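Working notes, beginning with the structure itself.
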Amino acid sequence: MSSGFTLEPREAYLYVHLDPGFEITPGNMNRLWTAMSEACRDHGLQKALSVGDGVTRRLTPAESFDLVGLLSRLMPGLSVALCFRGYVPDEQSQVFRTAAMGRGVRVEYFQDLNAALQWLGARAAPKR
């Protein structure tokens with residue numbers, strides 16, 4: 001069974017590639033963030049770039065808020081750029097972003113990979 005993602009430490013950030021059609025659910029995010037926190041800790045990283053095509057979300061607003069708590073406990077001080085092609089952030093996305101910021105985690109949504117990398121302070125686009 002596939003995890004739905006791959007992780008690749010880069011020089012300045014963790015590259016997170018989500019499988020096409022990755023679904024954001026409490027279980028998937030718990031697995032992803034646990035793996036990300038271990039990889040970031042092992043490689044001394046505080047930044048992540050998450051890239052995916054056709055990413056969907058199946059979360060209630062309460063579940064989104066609970067996931068913010070998990071993220072902030074696992075990876076305090078993390079900056080994560082979310083570059084999900086075809087995903088349009090909505091009100092729930094913005095609530096997640098704001099709640100994360102309130103708990104010390106920077107999150108931003110992008111359609112453009114270079115803009116995401118610039119926001120992270122990374123120099124070169126990841127290899128595909």
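The values are calculated or read from the model by the stated rules, or taken from the named source; none is laboratory data. Please read these numbers as outputs of a predicted model, since none were measured by experiment. Every residue, glycine among them, receives a Cβ derived from its backbone with ideal geometry; neighbour counts consider all protein chains shown. These area figures cover heavy atoms from the full protein model, side chains too; ligands, DNA and RNA do not enter into them. Shrake-Rupley method; radii C 1.70, N 1.55, O 1.52, S 1.80 Å.
For this structure, a couple of remarks:
- Put simply, of ASP53, ASP42, ASP19, ASP66 the only residue that is open to solvent by 10 Å² or more (accessible area, probe 1.4 Å) and within 17 Å of LEU113 (Cβ to Cβ) is ASP53.
- Qualifying positions in the stretch 42-69 - under 19 Å from ALA81 (Cβ atoms) and of a type in the set (D, E, K, R): LYS47, ASP53, ARG57
- Among the residues making up the stretch 76-122, those that are in contact with a Cys (Cβ under 8 Å, 6 or more places away or on another chain) and open to solvent by less than 10 Å² (accessible area, probe 1.4 Å) are LEU78, ALA116.
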